[in-house]
Amino acid sequence: MNLNLFKYYFKKPFYSWKNKYLRHAVRQEAEAKGALSQTADEVAEYLAETPQAVLQKYRQGNFQENEFFREPARLSTQTVEEYYKKNTTYIYDLPFWNAEENRPKFLRLMMLGRLRQFGCQDILDFGAGAGDLCIELAQNGFKPVYCDLSERLYDFAQWRFKRRGLNIKMFKGWDDLQGKQYDCVVSFDVFEHIKDLPKTVAKLCGHVRPGGLLIFSGAFSGGGAHLAENEIYAEGERMMSLLKSFDMEFVDQFAQYAFYTKRERNTPA
């Protein structure tokens with residue numbers, strides 16, 4: 001058995017407590033500073049709408065997503081990618097969800113120990129959405145790199161970075177990333193939505209430098225936009241086997257967030 005896996009099973013009860021504590025603490029902080037209201041003001045300014053209007057759309061939910069994924073049999077890699085590329089409704093969802101949960105800070109604190117341990121500075125955020133995590137990382141001394149298919153979210157994130165004076169590299173897809181490697185690649189709340197997940201995982205592993213980290217979340221059940229074909233990865237062993245084929249070794253797991261490192265050359269499996 002991988003020694004790190006043994007350590008994880010031993011520490012799992014403590015991680016469960018820490019996860020609950022950390023989520024509660026950052027959410028309280030978000031409420032205290034009025035993060036949801038601030039985000040409504042920002043999104044409203046970008047869209048030239050009122051804060052009340054954008055908040056109402058957030059609370060109504062993403063009906064366009066529910067409709068698109070109602071018939072999974074007709075979905076292909078191309079149609080799913082095109083949906084995410086052209087969708088215009090996530091701007092009424094992702095920034096508010098991140099603000100309400102103070103999710104970017106939670107993710108940074110959750111990753112911080114491992115990022116320091118593995119000497120990670122440049123961090124590719126694949127599926128970076130509205131850019132919230134990139135902002136959090138950049139404002140705390142890291143060098144994030146943004147990547148997302150969505151045209152609307154890309155433009156919004158670019159606008160947000162500029163108004164904060166942040167110089168964050170941005171890419172729209174695989175072609176832009178060709179030949180590049182990073183200390184760390186993160187992908188949160190993305191894998192469950194991807195057609196042909198093994199192909200995407202292989203590409204992401206290729207962008208991790210030897211000795212670097214891949215950190216991802218896996219909430220593979222739930223239906224709808226969580227594609228049924230990916231539910232086989234809900235059991236960690238299946239994902240672990242897939243990643244092992246790309247020279248990735250298990251490091252740790254915190255709640256649904258998994259940490260893998262890319263083996264250095266001449267390092268035995």
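All of the numbers you see were taken from the coordinates with simple rules; none came from a lab. Just so it is clear, the model here is predicted, and its values are computed rather than measured. Here the Cβ is made from the backbone with ideal geometry for all residues, glycine too, and neighbour counts use every protein chain on show.
Some notes on this structure:
- Sorted largest first, the spans of the alpha carbon positions of the chain along the three principal axes are 57, 44, 37 Å.
- A protection proxy built from the mean count of other Cβ atoms within 10 Å ranks the segments 189-195, 5-11, 168-174, 69-75, most packed first, as 189-195, 168-174, 5-11, 69-75.
- Label positions at Tyr15 and Gln52, each projected 7 Å from the Cα along the C-beta direction, are separated by 4.6 nm.
- Rg of the Cα atoms in the stretch 158-269, relative to 2.2 N^0.38 Å, amounts to 1.15.
- For the stretch 113-176 versus the stretch 1-78, the inter-centroid distance based on Cα atoms is 17 Å.
- Listed pairs Lys86/Lys162; Lys85/Lys203; Lys195/Lys244; Lys11/Lys199 exceeding 26 Å between Cα atoms: Lys11/Lys199
- Here Lys12 is the anchor, and the lysines within straight C-alpha reach of less than 17 Å, apart from those fewer than 8 places off in the same chain, are Lys20.
- DSSP beta bridges confined to the chain are antiparallel in about 40 percent of cases.
- Annotation note: trypsin sites (Lys or Arg not before Pro) in the stretch 200-269 located in DSSP loop regions with a Cβ neighbour count of at most 14 within 10 Å are Arg265.
- Counting only cysteine Cβ atoms and a cutoff under 4.7 Å, the chain contains unmatched residues Cys134, Cys147, Cys205.
- Estimated purely from DSSP H runs of n ≥ 4, each contributing -39500 (n - 2.57), the mean residue ellipticity at 222 nm for the chain is -15500 deg cm²/dmol once divided by its residues.
- Distance between modelled label sites at Ser37 and Glu237, nm, 7 Å Cα→Cβ extension: 5.2 nm
- Residue by residue, the stretch 94-102 carries 3J(HN,Hα) couplings of 4, x, 6, 4, 4, 5, 5, 8, 6 Hz when phi is fed to the Karplus relation 6.51 cos²θ - 1.76 cosθ + 1.60 (θ = phi - 60°); x denotes Gly or Pro.
- The average projected area of the stretch 100-192, computed from the convex hull of its Cα atoms over all directions, is 6.3 nm².
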